[in-house]
1. Assign one of three labels to region 2-172, namely rounded, prolate or oblate, based on the Cα gyration tensor with a ≥ b ≥ c the square roots of its eigenvalues; rounded applies when a/c is under 1.5, prolate when it is not and a/b is larger than b/c, and oblate otherwise.
2. Say each of LYS15 and GLU224 gets a label point 7 Å from the Cα, pointing the same way as Cα to Cβ; how far apart are those two points in nm?
3. Be a star and scan region 151-173 for residues whose amide nitrogen sits under 19 Å from the point 7 Å along the Cα-to-Cβ vector of HIS128.
4. For PHE505, PHE478, what's the fewest-to-most ordering of other Cβ within 10 Å of each Cβ?
5. Of all DSSP beta bridges in the chain, what percent run antiparallel (nearest 5)?
6. Please give the length that would be gained between LEU107 and ILE187 if that part of the chain were fully extended, namely 0.36 nm times their separation in residues minus their C-alpha to C-alpha distance (nm, one decimal).
7. With a Förster radius of 60 Å, plug the Cβ-Cβ distance of LEU31 and LYS357 into 1/(1 + (r/R0)^6) and report the FRET value to the nearest 0.05.
8. Output the 0 to 90 degree angle, nearest 10, between the alpha-carbon long axis of helix 468-477 and the longest principal axis computed from the alpha carbons of the chain.
Amino acid sequence: MNQITGAELTIRLLKRQNINIIAGIPGGSNLPLYDALAQHPEIRHILARHEQGAGFIAQGISRTTGRPSVCLATSGPGATNLFTALADAKLDSIPIICITGQVPRHLIGTDAFQEVDTYGMSMAITKHNFIAGSAHELPDIIPEAFRIAVSGRPGPVLIDIPRDVQTQVIGFERFPEPGIADPSSDIDQAALDTAIRMINASRRPILYTGGGIMHSCASGIARELAEKAGIPVAMTLMGLGAIPSDHPLSLGMLGMHGARYTNMALEECDLLIAAGTRFDDRATGRIAEFCPDAGIIHIDIDPAELNKLRQIHVGIKADLKEALELILPFIEKKGRNTWLDRIAQLKRQYPMIMQGKDDPLKPYGIIRRIGELAGEDAIVATDVGKHQMWVAQAYPFQRPRQFLTSGGLGTMGFGLPAAIGASLACPDRKVICFSGDGSLLMNIQEFATAVEEDVNITVILFNNNSLGLVRQQQDLFFGRRYFASEFKNRVDFSAIARGFGIRTFDLAGGDDPAGTIAEALAWRGPCLIHAPVDLDEDVYPMVPPGAANREMIGGPAFGDWEEAA
């Protein structure tokens with residue numbers, strides 16, 4: 001029988017789960033884990049500069065690969081700094097394993113130095129969590145954590161390990177099998193049959209895809225279904241890339257900042273096939289008025305989502321890919337030319353206007369130019385704000401897992417560390433990170449991590465010296481009372497980036513902005529493109545908070561909507 005510490009056992013169990021990159025920060029309560037990790041150079045450790053950054057680096061790895069990833073933090077503030085990344089992963093169904101150190105067992109509950117109830121505090125923002133009461137429990141806990149994270153609807157799992165459990169020496173004979181996803185459960189055949197009949201009978205169907213299409217690797221089969229049956233495809237923010245943005249059946253993004261023609265088409269559809277989506281309010285607007293005349297088929301791995309927010313006609317609890325594979329052979333091949341002609345009419349009547357799309361100094365122009373130069377293999381991450389919506393509207397996404405963004409939680413500071421994680425997972429691919437000045441300041445310290453790891457990321461900073469989307473809502477809905485949304489101090493981001501060792505490019509004042517963008521994208525390694533943006537450059541169209549999608553407002557460029565209607 002071999003003698004082994006809890007810390008060494010933990011690292012070996014992670015290795016057996018094929019974990020080869022771990023992001024984190026050491027501290028007093030997880031130093032035994034780090035000491036064990038140092039003995040395993042085959043596992044690459046990424047020293048983040050903030051635990052939230054470590055959590056989002058792990059997310060970038062997982063969102064890009066579809067596999068679980070790991071981050072480490074110490075007790076107390078180390079653990080609580082991870083909580084935002086955990087909550088973000090919970091809402092977007094991202095499988096990450098967060099391992100936190102904890103004070104020794106005999107000090108738990110005594111208000112010891114850097115002690116918090118990590119287990120209790122994290123219950124609401126994880127899919128599951130554990131606290132190890134003994135090193136003997138680790139061979140059960142760690143594979144089980146991975147199994148839970150990837151089974152059914154994916155999500156984050158936290159393992160809290162007291163320091164004395166890490167140093168505890170136990171006798172150990174053999175390793176358990178790695179944790180893998182549970183097999184899928186049987187699918188209700190009667191529900192499938194009803195869904196098939198509804199699809200074949202519909203005259204104006206729309207396929208409505210969300211993040212679940214990525215998790216189940218179902219984009220290929222969904223595209224086959226759409227093409228076979230002539231069904232237009234609308235995507236949530238998390239579903240972008242389900243089919244190429246230039247595909248004839250693509251309606252792009254629906255909802256608050258989607259194209260008006262997309263939302264109007266949903267008003268007219270007679271069947272909505274909701275595939276791997278949870279009817280988020282940013283997508284549906286006022287939920288009671290979403291797709292008012294449509295029958296609704298909802299396919300989701302999580303039975304709790306069925307009938308949760310909207311009464312549906314057929315609910316299918318299933319892995320999306322497996323369900324669509326069973327449905328597709330029985331779907332009638334149809335052109336649905338009358339419906340597609342109506343879609344084309346709506347696109348003419350309510351066009352998506354991208355002002356400045358040919359100007360390399362304007363947001364849409366910068367995004368489109370980068371999309372052309374970066375190529376189909378590029379991975380795109382964003383932070384949260386106007387730039388996020390401009391990218392969702394304008395970037396030419398071509399495939400699943402190309403777009404990494406914080407959808408459910410809307411976390412500023414997500415973009416840079418997530419981009420670092422994506423580059424670590426896919427070092428041969430260019431990673432683009434679009435950010436805003438408010439968002440970048442949230443986790444700007446991760447520039448140090450990017451330089452240290454020499455990741456191939458290009459950060460495009462849209463700088464309007466404000467919290468842009470907050471200011472836009474104050475402009476529209478709060479009588480132009482701009483409070484706490486405009487920054488008084490102008491930060492020299494180029495100087496700060498250079499201080500971290502980042503190569504910088506500035507679109508301000510140059511006579512060849514298109515050439516500057518091309519030069520930056522050709523740079524191998526971390527770099528920053530600073531792009532000044534006018535304070536009043538807003539993102540339209542927009543559904544006012546709490547309104548129905550049909551009530552979206554267009555802004556100055558869309559002034560002919562009412563006349564066209």
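Laboratory data are not the source of any read-out in this text; all were calculated from the coordinates shown. Not measured: the values here are computed from a predicted model. Cβ coordinates were reconstructed from backbone atoms using ideal geometry, including for glycine residues, and neighbour counts include every protein chain displayed.
1. rounded
2. So the label points at LYS15 and GLU224 sit 4.1 nm apart.
3. 151-162
4. On the way: PHE505 21, PHE478 13.
Starting with the residue having the fewest Cβ neighbours, the order is PHE478, PHE505.
5. Details: 7 of 71 bridges.
Once the DSSP bridges in the chain are tallied, antiparallel ones form about 10 percent.
6. Values: separation 80, 0.36 × 80 = 28.80 nm, distance 4.85 nm.
Net length gain for the segment: 23.9 nm.
7. Details: r = 53 Å, r/R0 = 0.88.
The pair LEU31/LYS357 has a calculated efficiency of 0.70.
8. 50
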